[in-house]
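The values are calculated or read from the model by the stated rules, or taken from the named source; none is laboratory data. These numbers were taken from a predicted model, which means no experiment stands behind them. Glycine also receives a Cβ, built like all others from the backbone with ideal geometry; neighbour counts cover every protein chain displayed. SASA here: full protein model, heavy atoms, side chains in, ligands and nucleic acids out. Shrake-Rupley method; radii C 1.70, N 1.55, O 1.52, S 1.80 Å.
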Amino acid sequence: MTMKLYGLAMSTCTSNVIGCLHEHGAEFELVPVNLQNGEHKQPAFLAKNPFGQIPALDDGDLTLFGSSCDLLRSQNPKEAALVKTWMEVESQQFRPAISPIFYQSIIVPIMYGGSPNQTIIDETSAKLGKVLDVYEKRLSSNKYLAGDFYSLADLHHLSYIYYLMKTPYGKLINERPRVRAWWEDISSRPAFKKVAADLTLGDKN
């Protein structure tokens, strides 16, 4: 049974799930959700996600998730703890710093036809720079964030950085050689290349 994923391919949250599914080689169908028409607030969708947020997943055949691609490193308690630690860093430090830049630089002008708030961008760029300084130090002794293995901690960064690199603030990545090398590595994975093909916000053509 093929899983159904409800969301939008260009959404950072949905694309993280898509990337995970591709890493596992899972078969799934992406079912677009019309946010402008409030489809995510209708009973049929709320039955899948009571908070009315994308993405939502119909389980399908969860046996597709075998141990051949353990992005949580669940077989190794120490590694699993490191993955969870860096997933928390992404959630609590990285994402709050980068998401306002994404919103102001891409969502505001493209989705709403407005002008970015440069004050917000400048303030959060400074915060993001400090977070990335920590990453730069971490990556001096580890190939990936949780260790010398690719994990969900790395995957969760992909979509936001992909969009960041479409803006002048991609320099925050490029100015830090270890962070840049890490980004070039994780963004070259075949699974993410499939995801990136649908991350069309900010495209100039």
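For region 73-89, a residue qualifies if it is under 14 Å from the mean Cα position of the chain (by Cα) and exposed (fewer than 13 other Cβ atoms within 10 Å of the Cβ), and exactly one does: GLU88.
For region 145-157, the condition of being under 12 Å from the mean Cα position of the chain (by Cα) and among the charged types (D, E, K, R) holds for at least one residue. Counting only helices (runs of 4 or more DSSP H) that sit wholly inside region 78-153, those with at least 1 residues that are modelled with pLDDT under 95 and either closer than 24 Å to MET10 by Cβ or in contact with a strand residue (DSSP E or B) (Cβ under 7 Å, 6 or more places away or on another chain) (or both) are 108-111.
Which number in (1) open to solvent by 50 Å² or more (accessible area, probe 1.4 Å); (2) touching a Lys or Arg at 6+ places or on another chain (Cβ under 7 Å) marks the one condition that LYS166 misses? Result: LYS166 passes all but (2). Among residues that are part of a helix (DSSP H, G or I) and open to solvent by less than 10 Å² (accessible area, probe 1.4 Å), ALA181 is not included. PRO100 meets each of the listed conditions (1) more than 30 Å from HIS24 (Cα to Cα); (2) surrounded by 13 or more Cβ atoms within 10 Å (Cβ to Cβ); (3) over 15 Å from the mean Cα position of the chain (by Cα); (4) not acidic (Asp, Glu) apart from (3). One residue is enough: does region 90-97 have a residue meeting the conditions farther than 29 Å from ASP148 by Cα, open to solvent by less than 50 Å² (accessible area, probe 1.4 Å) and assigned by the TED database to the domain that holds LYS143? No: zero hits. Does ILE161 satisfy the criteria of being over 21 Å from HIS22 (Cβ atoms) and in contact (Cβ under 8 Å) with a residue 60 or more places away in the chain? Judged against the criteria, ILE161 is not a match.
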